[in-house]
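Structure first, then comments.
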Amino acid sequence: MRAARFTGPGRPIEVQEVPRPVPGPGEVLVRVRAAGVCATELHFTEGLLTPARTPITPGHEVAGTVEETGADVTAWVPGDRVAVHYLHSCGDCRQCRRGRENLCSAPRGMLAFASDGGFAEFLAVPARSLARIPDALTFEQAAPVACSVTTALHAAAVADVRADDVAVVYGAGGVGSALVQVLRHRGARVAAVARSQRRRDLAGSLGAEWVLDPADGDVGAQVQRLTGGADAVFELVGTAATGRQALAALGPGGALVYVGYSAERVELNPVELVVPEQRILTSVSNTLAELELGLDLVARGVVRSVVGRVEPLDAVDEVLGALARGEVTGRAVLVP
């Protein structure tokens, strides 16, 4: 089968012929119909993140159909339309028993990080990592839900955003566009921050009450002037500069939630957090239940899966270049 292979930072991702995987006991072979392209793939090529092994097939936002089932699989049959939860949790550790499989102590795999991902024609995954795609969704719509929408759902839950809260989404890319909608669904008033006019326009169309351009001046001051201070700021960029601005945008009792990251460090003075009783939180990944919820919300039209471009698998390097240049609105999707 054909698969895009990552061999190391600074090198092109090349489509190669590799053996087709065989599903083992408890596994399902998925024919990949669409795979979203996330900034995580950029972090690999830039060297910020290092997968557990190379070569490896990237791609952790996957939608497809069940092609074949391994022994002991009874919940799925060939032809079922499925999305893949990319963290293959053990289901037995303390975190999994608490419903926090995104923090699993002994994961059995993780697409594109420890096991081959979805930039390929086929993919073998544990049957317990699948969610059913509603009939209302295309594969291209469903694939980005597996990370962008679910990551947004998880981050909003971590911050416990409530009705009438003021929330800032700092970085309106794939996850950011989903987060604007999830926060609006929770009843929050939302400000979106983006350098791109195209992304600001999209955020506004998705429900952001305020759209802010960092070029217009200090973002923290803009937020304070417009809202009196945010109850939650979601940091999706992760640089030192954006971190400072995000902190400055917080109001009393507010929470800064790191979702994005970079190689840069953020410095802070604890007293500046203690006096207004502000918090710094982090949010990573998502759960299978959040994937199921995300698919349902998109199918019902509550959240829109924003797909900016659909390209063949051979265009993987071209798409990553466009993503790095900020030219992709929402998510790009590859079709093997």
Item to check | Dipole magnitude of the range 193-242, debye to nearest 20 (Cβ charges: Lys/Arg +1, Asp/Glu -1, about Cα centre) | outcome: 180 debye
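Run the dipole for the range 254-336 about the Cα centre, Lys and Arg Cβ at +1, Asp and Glu Cβ at -1, nothing else charged, and hand back the magnitude in debye, nearest 20. Walk me through the numbers before you get to the answer.
On the way: 7 positive and 12 negative charges, 46 e Å.
Dipole magnitude for the range 254-336 comes out near 220 debye.
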Next on the checklist: Between R244 and S205, what is 0.36 nm times their sequence separation minus the Cα-Cα distance? Round to one decimal in nm.
Outcome noted: 11.3 nm
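What length, rounded to one decimal in nm, is gained on full extension from V335 through to R162, with 0.36 nm per residue of separation minus their alpha-carbon distance? Each step should come with its number before you reach the end.
Working: separation 173, 0.36 × 173 = 62.28 nm, distance 3.75 nm.
Value of the extension gain: 58.5 nm.
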Checklist entry - Which FRET efficiency value, to the nearest 0.05, do you get for R97 and R225 by plugging their Cβ-Cβ distance into 1/(1 + (r/R0)^6) with R0 = 56 Å? => result 0.75
Next on the checklist: Defining a contact as two alpha carbons under 8 Å apart and six or more residues distant in sequence, what relative contact order in percent does the chain show?
Outcome noted: 19 percent
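So how do F119, F139 line up by other beta-carbon neighbours within 10 Å, fewest first?
On the way: F119 29, F139 21.
By the 10 Å Cβ count, ascending: F139, F119.
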Checklist outcome for this item: Taking the dipole of the range 149-282 about the Cα centre (Lys, Arg +1; Asp, Glu -1; charges at Cβ), the one of S177, V193, Q278 that reaches farthest to the positive side is S177
Checklist outcome for this item: Computed for the chain: size of charge dipole around the Cα centre, +1 on C-beta of each Lys and Arg, -1 on C-beta of each Asp and Glu, debye to nearest 20, value 300 debye
Checklist entry - Using the membrane-span-like helix rule (whole DSSP H runs, Cα extent along the own axis of at least 15 Å, mean Kyte-Doolittle hydropathy at least 0.5), which helices of the chain qualify? => result 174-185, 288-299
Checklist entry - In whole angstrom, how far apart do the alpha carbon centroids of the range 290-333 and the range 21-63 sit? => result 15 Å
Checklist entry - Residue farthest toward the positive end of the dipole of the chain, with Cβ of Lys/Arg at +1 and Asp/Glu at -1: which of V223, A203, L111? => result V223
Checklist outcome for this item: Cα-based Debye curve of the chain sampled at q = 0.06, 0.11, 0.12, 0.13 Å⁻¹ gives log₁₀ I(q)/I(0) of -0.20, -0.68, -0.81, -0.95
Item to check | Charge-dipole axis of the chain as Lys and Arg at +1 and Asp and Glu at -1 on Cβ define it, positive-most pick from V335, V233, V266 | outcome: V233
Checklist entry - What Kirkwood radius, in Å to one decimal, follows from the Cα pairs of the range 149-282? => result 14.2 Å
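A short reminder: the numbers here are calculations on the coordinates, not readings from a lab. The model shown is predicted, which means the values in this text are computed figures rather than measured ones. We place every Cβ from the backbone using ideal geometry, glycine too, and count neighbours over all the protein chains shown.
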